[in-house]
1. In Å, the Kirkwood hydrodynamic radius of the chain over pairs of distinct alpha carbons?
2. Based on the alpha-carbon gyration tensor of region 3-83 and its eigenvalue square roots a ≥ b ≥ c, which shape applies: rounded if a/c is under 1.5, prolate if not and a/b is larger than b/c, or oblate?
3. Work out how much length Tyr162 to Arg108 would gain on full extension: take 0.36 nm times their residue separation and subtract the Cα-Cα distance, in nm to one decimal.
4. Could you tell me the relative contact order of the chain? Use alpha-carbon pairs under 8 Å, at least six residues apart, and round to a whole percent.
5. Mind checking the dipole of the chain: about its Cα centre, +1 per Lys or Arg Cβ, -1 per Asp or Glu Cβ, Debye to the nearest 20?
6. Is it possible to state the helix-based mean residue ellipticity at 222 nm for the chain, with each DSSP H run of 4+ residues giving -39500 (n - 2.57), the sum divided by total residues, to the nearest 500 deg cm²/dmol? What is it?
7. Sequence neighbours fewer than 8 away in the same chain don't count; with that in mind, list the lysines whose C-alpha is under 25 Å from Lys24.
8. Can you tell me the orientation of helix 29-43 relative to the chain, as the angle in degrees between its alpha-carbon axis and the longest Cα principal axis, to the nearest 10?
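Just so it is clear, none of the values below were taken in a lab; they were calculated from the coordinates. All of these numbers come straight from a predicted model, not from anything done at the bench. Don't worry about glycine lacking a Cβ; one is built from the backbone with ideal geometry, like all the others, and counts go over all protein chains shown.
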Amino acid sequence: MTLTQLEYVVAVATFKSFVAAAEKTFVTQPTLSMQINKLEEELNVKIFDRYKHPISPTEVGAKIVEQAKVILTEAKKIDELVNKSQGKVSGTFKLAVIPTIAPSIIPRLLDKYSDAFPDVSLTVIEAKTSEIIEKLKNDEIDCGLLATPLDDNRIKEIPLFYEPLVAYFNKEEKALSKKNGKP
């Protein structure tokens with residue numbers, strides 16, 4: 001059993017397709033299928049029901065997928081530990097951003113980030129708030145930039161800045177007259 005095989009298993013479970021999983025893991029579909037077949041032979045179980053569309057894990061396959069996620073997360077921590085002990089910051093940082101702030105934040109962030117961490121590959125995705133929260137809880141991303149404060153003890157929240165919300169009126173607006181008082 002290899003970490004690569006486990007990565008392929010998680011990818012197939014995530015994308016529910018061998019073809020899509022192969023594309024996302026940058027290998028050919030036959031290579032991905034062969035590695036999963038080898039793992040199934042080694043474990044003497046079927047991980048995926050290939051007759052269902054979309055592809056889904058078998059009962060034992062679902063448990064294998066969950067354990068594979070744990071193993072891959074822990075393996076990533078080992079890499080980070082070694083790099084940190086050597087004074088290096090490397091690897092991949094997965095950032096999710098809501099579409100409303102992505103255009104204003106991402107361009108400024110990319111330049112500063114690549115200068116500060118040249119050995120770290122930055123992956124940026126746009127997603128809805130609910131999707132970002134779910135990805136954080138499932139350890140699928142490292143950070144999410146949201147505009148809504150959360151009340152979830154499983155997610156650490158660090159305010160980056162506060163934007164004032166300002167109302168603008170025409171000077172002649174009647175709602176602003178002394179007779180009506182100021183809003």
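1. Details: mean 1/r = 0.0499 Å⁻¹.
When all Cα pairs of the chain are included, the Kirkwood radius is 20.0 Å.
2. Values: a/c = 1.88, a/b = 1.47, b/c = 1.27.
Verdict is prolate for region 3-83.
3. Numbers: separation 54, 0.36 × 54 = 19.44 nm, distance 1.71 nm.
Extending this stretch completely gives an extra 17.7 nm.
4. Numbers: 166 pairs, mean separation 26.9, N = 183.
Worked out over the chain, it gives 15 percent.
5. 720
6. On the way: 6 runs with 86 residues, N = 183.
Helix contribution divided over all residues of the chain: -15000 deg cm²/dmol.
7. Within reach: Lys16, Lys38, Lys46, Lys52, Lys63, Lys69, Lys76, Lys77, Lys94, Lys128, Lys135, Lys137.
8. 60
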